[in-house]
Structure formats: structure tokens, C-alpha cells
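**Q** Could you have a look at this structure, given as C-alpha cells, before my questions?
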Amino acid sequence: MSVYPILQTGIAKTGVVGLLRGGTAGPEAKTLAIRADMDALPIHEMNDIEYRSQVDGKMHACGHDGHTSILLTVADILSKRRAELAGNIKFVFQPAEEQIGGAEPMVQEGAMKQVDGVIGLHLICNYEVGRVGVRSGPVFAGAHRFVLTVKGKGGHAAMPDSAVDPIVISASVIQVLQTLISRETSPFSPAVITIATIHAGTAFNIIPEEVVLQGTMRAFTKEHQDYLLRRISEVANGIATAMGGACEVGLFDGLPPCTNDPTMTELVHKAAGEAVGEDHVDAGEEVMTTGSDDMAIFLNTVPGCYFIVGAHNKAREVGNYPHHHPRFNIDEDALPIGVEVLTRAALEFLQQ
Ligand SMILES: [Zn+2]
Ligand SMILES: [Zn+2]
């Protein structure tokens, strides 16, 4: 038997995986992975707190430092109880969640090998501390970035009849894309299409050659995602062609939705109820977000549950700013709650 825990570093560049072999774990014993993302964001922190970022222009503005602290504490607690564990725990510290570049290479490099289940949490600052949200099925949306290059024919702004104006074509494309949500998507299947950037033109008297639009699409099932991606292409191409232009469609950074397994969800729900009381556990729409998370990659590899832990404290006015804001902060009372839910769920998983 090897020393404990068995540590792998440099996975997906800076990822770390620690394997804790239970003291009574046989060769057929189960393994649970617990994942925490570690990365910060390129934001200059404006908080004046003792744990403020020490690196200018880089900030933990999504709570991933909290996730890392929680998982280190869980690793410490379970390591001390190793003798009584009938299975194994893999502690997965993941880099590059925000750039959606960490989970995939970690899975490719074997982080989920011989793993039977995976759990993880996200601290949420517009969700009250003391509450835990656990829900079966899709919880974080799938996300796709798209780039539409609308091509026309440039010319003099005073003589539009001798040009094909890609700006007017783009205006129609943007309008009609919104009808995919309002007219083609069931009111019971949430989805988002946002055009977030428009770039075109050099002067007031020139019709440009092309317009580049960038946007994001969010949906909660793969079928819905596939449908909307197809329709974005069809609508953009169809309108551009009908108006005498053309459209190149590029799709990037696709992430599936985070979809929770019912059995793993039940396990985490029970642990959450024991930690904060059943009446402080939510399973409704408040657990869902149109934000995305590459935990989805782990959840697509092994059955698992991704849940949320409240980090807003209304009374103390902590956590009043949204995620990715220069004044983002968490109520640290959320940390022991995260530790307890993960630890209880891990112990329960290994006992089953
Ligand atoms: Zn984030
Ligand atoms: Zn995050």
C-alpha cells in the first residue's frame, strides 16, 4: 500500500488530485470524487478585507477560493478518519473553470478514472447563508458562444442601392434571433440568446463590407441546445441570403448543461438536511441558473451532483455584489456549511 494521500500534480497544467484510500477499502471499494475549482478572474479587487487579493488585476470574484478552502478542509477531516473509510475519496482541484479549459483536460488525463460518483458545490452570493440548494436534473445551463459574420457589399453611404448593407441585415438578424426564444421555445423550457458585441464600420459615410456579431446561447437540455444552435444558423443564413448578403456562423466553447443524477442528488439532499435542517434545503428553481459551469464535463463522465451553498448575509450586508464584480465577497459562515455537506455526503456514499 502506498502513502496517503496519493498526490498527482500538474494535471491540466496546474490541477491537483489527491487520492485517499480508505482504511477498510477492498479492491472492489467505491471511489467518490469531490471537485473544487480554484481559478481567479482578471479583475482588480475593490474590497478592503483581510483576505483581499494580493495580486493587482487578479481577484477571486467567483468564490473559487472558498471552494478550494472547503475541499482542503474536507480532505483534512477525511484523512484523519481514513481508518474507518470503506472506500476511496478523490479530491479534485481544478484549474481554469472560468475559461472553460480545466475540466476537459483533467478528465482526459484520468481524473475520473475508477470513480463511481462526483460531487461539488458553488458558493452563491445572491443566495442566503444557511441555505443549501440541491436539485435533480439540469441545474446550470449549457452554454455556447457564437460568432456571426454578416457579409454584404461595401459602398458609399449615400448610395445604398449600389451596396448590400450588412448593418441593416444584422439588425434584422438580431431581431429575429430573439423570436427563437419567444416563439419557438416552450415557455416551460428556459433558454437565452444574447448578442453581446457588434463590430462594424469605419466612418459615417461608408457602408462596411461586413458586421461581426458575438453572442451566447444558454439552454438546459442537449436537445434544446442542438435545436437552438441549428436555428441560429438557419435564421442568420436565411435572412442574410434573402437580403442579398451572406452569413458565416462560428460556434465555440460549447459546454453541456450540469445535469444531476437523481440518486446522487438524494444523497447530497440528505447530507444537506442533516447539516442545515431540512427546511433550509431548497430544490426549486432557485437552484437553477442560466450561468454555466464546466463541472458539466465531470457530470457527463460519472453520475454526480452539483449543488449550491448560500453565501449572502443580509444582516451583515456581505455578498451584496454579484459574481464577477470587483466588490464580490462571500460570508465566510458558508464555508463550514460546505465542508459539512460534502463530508456527510462522502461518508454516506462510502457506506452504501
Ligand atoms: Zn465565475
Ligand atoms: Zn464560479
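The values are calculated or read from the model by the stated rules, or taken from the named source; none is laboratory data. What you see is a predicted model; the values in this text were computed from it and never measured. Because the Cβ atoms are built from the backbone with ideal geometry, glycine has one as well, and the counts that use them run over all protein chains shown.
**Q** Just one of the numbered conditions (1) touching a residue at least 24 places away in the same chain (Cβ under 8 Å); (2) of a type outside the set (K, R); (3) closer than 23 Å to V339 by Cβ is not true of E210; which one?
**A** (3)
**Q** Quick one: N205 ticks every box in (1) surrounded by 16 or more Cβ atoms within 10 Å (Cβ to Cβ); (2) of a type outside the set (D, E); (3) touching a residue at least 40 places away in the same chain (Cβ under 8 Å) except a single one, so which number is it?
**A** So N205 meets the others, but not (1).
**Q** With the structure loaded, tell me whether L350 is farther than 30 Å from D48 by Cα, more than 16 Å from ligand 2 (Cβ to nearest atom) and not in a loop (DSSP other than H, G, I, E, B) or whether it fails that test.
**A** Considered against the rule, which asks whether it is farther than 30 Å from D48 by Cα, more than 16 Å from ligand 2 (Cβ to nearest atom) and not in a loop (DSSP other than H, G, I, E, B), L350 comes out as yes.
**Q** If a residue has to be part of a loop (DSSP other than H, G, I, E, B), surrounded by 12 or more Cβ atoms within 10 Å (Cβ to Cβ) and not β-branched (V, I, T) to count, how many in segment 31-50 make the cut?
**A** 7
**Q** For segment 325-343, give me each residue that is within 16 Å of ligand 2 (Cβ to nearest atom), part of a loop (DSSP other than H, G, I, E, B) and under 29 Å from M264 (Cα atoms).
**A** I330 - this is the single residue of segment 325-343 that is within 16 Å of ligand 2 (Cβ to nearest atom), part of a loop (DSSP other than H, G, I, E, B) and under 29 Å from M264 (Cα atoms).
**Q** I'm trying to understand the selection: among the residues of segment 51-68, which are of a type outside the set (V, I, T), away from ligand 2 (no atom under 14 Å from the Cβ) and modelled with pLDDT of 95 or more?
**A** R52, S53, Q54, D56, G57, K58
**Q** Also, I was wondering about something else. Looking at segment 101-115, which of its residues are closer than 26 Å to E28 by Cα and either part of a helix (DSSP H, G or I) or β-branched (V, I, T) (or both)?
**A** Once the filter is applied, which keeps residues that are closer than 26 Å to E28 by Cα and either part of a helix (DSSP H, G or I) or β-branched (V, I, T) (or both), segment 101-115 yields M106, V107, Q108, V115.
**Q** Of all residues being within 12 Å of the chain's Cα centre (by Cα) and small (G, A, S) in segment 275-327, which is farthest from ligand 1 (Cβ to nearest atom)? Just the residue, please.
**A** A296
**Q** Within segment 80-105, can you find the residues that are crowded, with 21+ Cβ neighbours inside 10 Å, more than 16 Å from ligand 2 (Cβ to nearest atom) and closer than 30 Å to H325 by Cα?
**A** F91, the sole residue that qualifies.
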